[in-house]
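Here's the structure, in structure tokens; my notes come after.
The values are calculated or read from the model by the stated rules, or taken from the named source; none is laboratory data. As the structure is a prediction and not an experimental result, all values here were calculated from the model. Positions of Cβ are generated from backbone atoms using ideal geometry, with glycine treated the same way; all protein chains shown enter the neighbour counts.
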Amino acid sequence: MTRTARMLAAALVLAVGLPSLAAADSWVLDPAHTTSTFTARHLMITNVTGVFEATKGTIEYTPGDANSIKAEIAIETKSINTRNTRRDDHLRSNDFFNAEKFPSITFKSKRVQNVKPESFELVGDLTIRDVTKEVVLRVDGPSAPIKDPQGNRRVGANATTTINRKDFGVNWNRAIEAGGVVVGDEIKINLEVQAVEKKG
């Protein structure tokens, strides 16, 4: 075998041994079946949960391979709903989200870690107002793909994290008796996600 033939044979063996470099499948969040909620302590005695009613985003994911996941999510700040109009208007103001100036809360993933059979962690940049911090989403899922009645493939997952709102410049508060405050600093975030495969 000539030197050139040996080189071609070695290249062929190497190519066969390499993992597939095919692009992951593309998925789009279904806003009708995706929910973004948050929970905060109120008056230091109870928890209040609110929902953002408009969440959109895209996911790159090869089913069965959690390491392939990349996600970009945008949550519309003015869509906040805590079932109290006065409180919602206050949350949209500059005391909190300043929805006019900062219309979206965004998350952009950077890497996957701690992959287990039914869960993993998604590390990425969370931006609230004009502050970006790295956070870790703890994800249950994703589910195995299923087909809906229209024949579209869908996957689902649940992601949670906890942040300190003051790390993102959301500082408003008011003291109450006994040394307490109106709003706790710790905010629990929950994303219930359903995504449909992007065709074409």
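One residue is enough: does region 89-96 have a residue meeting the conditions under 22 Å from W172 (Cα atoms), in contact with a Ser or Thr (Cβ under 8 Å, 6 or more places away or on another chain) and not in a strand (DSSP E or B)? Scanning region 89-96, I find at least one residue that is under 22 Å from W172 (Cα atoms), in contact with a Ser or Thr (Cβ under 8 Å, 6 or more places away or on another chain) and not in a strand (DSSP E or B), so the answer is yes.
Inspect all residues belonging to region 170-180 and state whether any of them is over 22 Å from the mean Cα position of the chain (by Cα), surrounded by fewer than 18 Cβ atoms within 10 Å (Cβ to Cβ) and assigned to a strand (DSSP E or B). Let's see the steps before the verdict.
Restricting attention to region 170-180, the residues satisfying the condition of being over 22 Å from the mean Cα position of the chain (by Cα) are 171-180.
Within this subset, residues satisfying the condition of being surrounded by fewer than 18 Cβ atoms within 10 Å (Cβ to Cβ) are 171-180.
Subset that is assigned to a strand (DSSP E or B): 175.
Within region 170-180, one or more residues are over 22 Å from the mean Cα position of the chain (by Cα), surrounded by fewer than 18 Cβ atoms within 10 Å (Cβ to Cβ) and assigned to a strand (DSSP E or B).
Would you please name the residue that is surrounded by the fewest Cβ atoms within 10 Å (Cβ to Cβ), looking only at residues in region 102-125 that are without any contact (Cβ under 8 Å) to a residue 24 or more places away in the chain and among the basic types (K, R)? If we take residues in region 102-125 being without any contact (Cβ under 8 Å) to a residue 24 or more places away in the chain and among the basic types (K, R), then K116 is surrounded by the fewest Cβ atoms within 10 Å (Cβ to Cβ). Within region 76-100, if we keep just the residues that are touching a helix residue (DSSP H, G or I) at 6+ places or on another chain (Cβ under 7 Å) and among the aliphatic types (A, V, I, L, M), the residue that is surrounded by the fewest Cβ atoms within 10 Å (Cβ to Cβ) turns out to be A99. Contact map, region 24-39: residues that are at pLDDT below 95 paired with residues that are among the small types (G, A, S) and in a strand (DSSP E or B), Cβ distance under 6 Å, separation 6+ or inter-chain. Pairs shown: A24/S68. Does I163 satisfy the criteria of being under 18 Å from V48 (Cα atoms) and either in a strand (DSSP E or B) or free of Cβ contacts under 8 Å to residues at least 40 places away in the same chain (or both)? It is true that I163 is under 18 Å from V48 (Cα atoms) and either in a strand (DSSP E or B) or free of Cβ contacts under 8 Å to residues at least 40 places away in the same chain (or both). When you scan region 38-56, how many residues do you find that are buried (at least 16 other Cβ atoms within 10 Å of the Cβ) and hydroxyl-bearing (S, T, Y)? Residues meeting the conditions: 2.
From the list A99, A71, A66, the one residue that fits, being in a loop (DSSP other than H, G, I, E, B) and either hydrophobic (A, V, I, L, M, F, W, C) or under 18 Å from Q194 (Cβ atoms) (or both), is A99.
Taking every residue in region 174-200 that is without any contact (Cβ under 8 Å) to a residue 60 or more places away in the chain and pairing it with any residue that is outside any loop (DSSP other than H, G, I, E, B), at least 6 positions away or on another chain, the pairs with Cβ-Cβ distances below 7 Å are R174/V181; A175/V181; D185/N164; D185/R165; D185/K166.
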